[in-house]
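**Student:** Before we start, here is the structure in question, set down as structure tokens.
The values are calculated or read from the model by the stated rules, or taken from the named source; none is laboratory data. None of the values given here were measured: they were computed from a predicted structure. When we count neighbours, we look across all protein chains shown, and the Cβ atoms used for this are built from the backbone with ideal geometry, even at glycine.
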Amino acid sequence: MYGQGLLKGLSVTLKRYINTYVDDFKWWGKRYFNAEGIAHRSSKDANGIFTVQYPEEKLPTPEEFRYVPFLVYDEGANGEKNIRCTSCGICAKACPPQCIWIVRSSDPVTGRPVPQPAEFYIDADICMNCGFCAEYCPFDAIKMDHDYELASYGRNVFDKERLMKPASYYAQIRPLNNAREETARAEKAAAKAAKAAVTN
């Protein structure tokens with residue numbers, strides 16, 4: 001019979017449509033706007049058609065999620081921002097779409113370069129979020145952010161002040177990666193101290 005496949009497909013849609021309301025009745029108002037409801041609708045046990053009511057609801061961001069890069073700084077004892085970036089330019093060279101611009105700073109007296117950027121720009125509209133800049137940075141100074149809500153009426157060219165975020169923020173959004181990096185730093189420092197003790 002002609003149209004049998006069409007009717008079969010529509011029956012699947014109708015079944016899922018009805019199951020949506022059945023599942024809503026089972027949860028009785030607890031299926032939306034809470035973490036448990038979002039987890040249920042994202043699981044294999046969900047029945048019917050399910051959506052996330054964005055922007056009121058948001059899916060949990062996985063740790064390895066990456067969006068526009070940011071610059072990491074360490075917080076000093078007196079609240080000063082000790083930026084890790086040395087303006088070496090490796091991130092700008094590794095960037096496939098070439099969306100990173102760095103202006104190196106120099107000592108006004110001697111004219112020699114200072115290992116700190118005077119200006120640092122990332123064009124978020126060009127950035128393809130590949131993470132090469134973070135991967136190749138030898139100083140762990142640039143990391144990938146989780147903030148994806150960047151809609152604006154103008155161009156998204158981020159300057160140094162907008163890009164800078166504390167190391168505590170990185171530890172918050174990527175706890176496992178941060179723990180691994182801190183362990184590696186501690187081991188490296190211990191090996192360096194042991195080597196210095198042997199030579200002395």
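**Student:** Could you tell me whether segment 178-188 includes any residue that is at pLDDT 90 or above, among the aliphatic types (A, V, I, L, M) and in a strand (DSSP E or B)?
**Tutor:** The answer is no, given that none of the residues of segment 178-188 is at pLDDT 90 or above, among the aliphatic types (A, V, I, L, M) and in a strand (DSSP E or B).
**Student:** What number of residues within segment 173-191 are without any contact (Cβ under 8 Å) to a residue 40 or more places away in the chain and loosely packed, with under 12 Cβ neighbours inside 10 Å?
**Tutor:** Looking only at that region, the number is 11.
**Student:** Continuing with this model, one more query. Restricting the search to segment 36-48, which residues are among the charged types (D, E, K, R) and exposed (fewer than 12 other Cβ atoms within 10 Å of the Cβ)?
**Tutor:** The answer is Glu36, Lys44, Asp45.
**Student:** Go through (1) within 30 Å of Leu14 (Cα to Cα); (2) out of contact with any His (no Cβ under 9 Å at 6 or more places or on another chain) for Ala46 and report which single condition fails.
**Tutor:** The failed condition is (2).
**Student:** Working carefully through the options Phe33, Phe25, find the one that is among the hydrophobic types (A, V, I, L, M, F, W, C), more than 30 Å from Phe132 (Cα to Cα), free of Cβ contacts under 8 Å to residues at least 24 places away in the same chain and loosely packed, with under 15 Cβ neighbours inside 10 Å.
**Tutor:** Phe25
**Student:** Please determine whether any residue of segment 42-65 is touching a residue at least 24 places away in the same chain (Cβ under 8 Å) and in a helix (DSSP H, G or I).
**Tutor:** The answer is no, given that none of the residues of segment 42-65 is touching a residue at least 24 places away in the same chain (Cβ under 8 Å) and in a helix (DSSP H, G or I).
**Student:** For Thr51, indicate whether it is among the polar types (S, T, N, Q), touching a helix residue (DSSP H, G or I) at 6+ places or on another chain (Cβ under 9 Å) and either surrounded by 12 or more Cβ atoms within 10 Å (Cβ to Cβ) or not assigned by TED's automatic domain parsing to the domain that holds Ala167 (or both).
**Tutor:** It is true that Thr51 is among the polar types (S, T, N, Q), touching a helix residue (DSSP H, G or I) at 6+ places or on another chain (Cβ under 9 Å) and either surrounded by 12 or more Cβ atoms within 10 Å (Cβ to Cβ) or not assigned by TED's automatic domain parsing to the domain that holds Ala167 (or both).
**Student:** For segment 89-165, list the strands (runs of 3 or more DSSP E) that sit wholly inside it and hold at least 1 residues that are exposed (fewer than 14 other Cβ atoms within 10 Å of the Cβ); which are they?
**Tutor:** Because the criterion is at least 1 residues that are exposed (fewer than 14 other Cβ atoms within 10 Å of the Cβ), the strands (runs of 3 or more DSSP E) in segment 89-165 that meet it are 100-106, 113-123.
**Student:** Sticking with this one: Residues being over 9 Å from the mean Cα position of the chain (by Cα) and farther than 12 Å from Ala92 by Cα: count how many of those fall in segment 136-146.
**Tutor:** The qualifying residues number 4.
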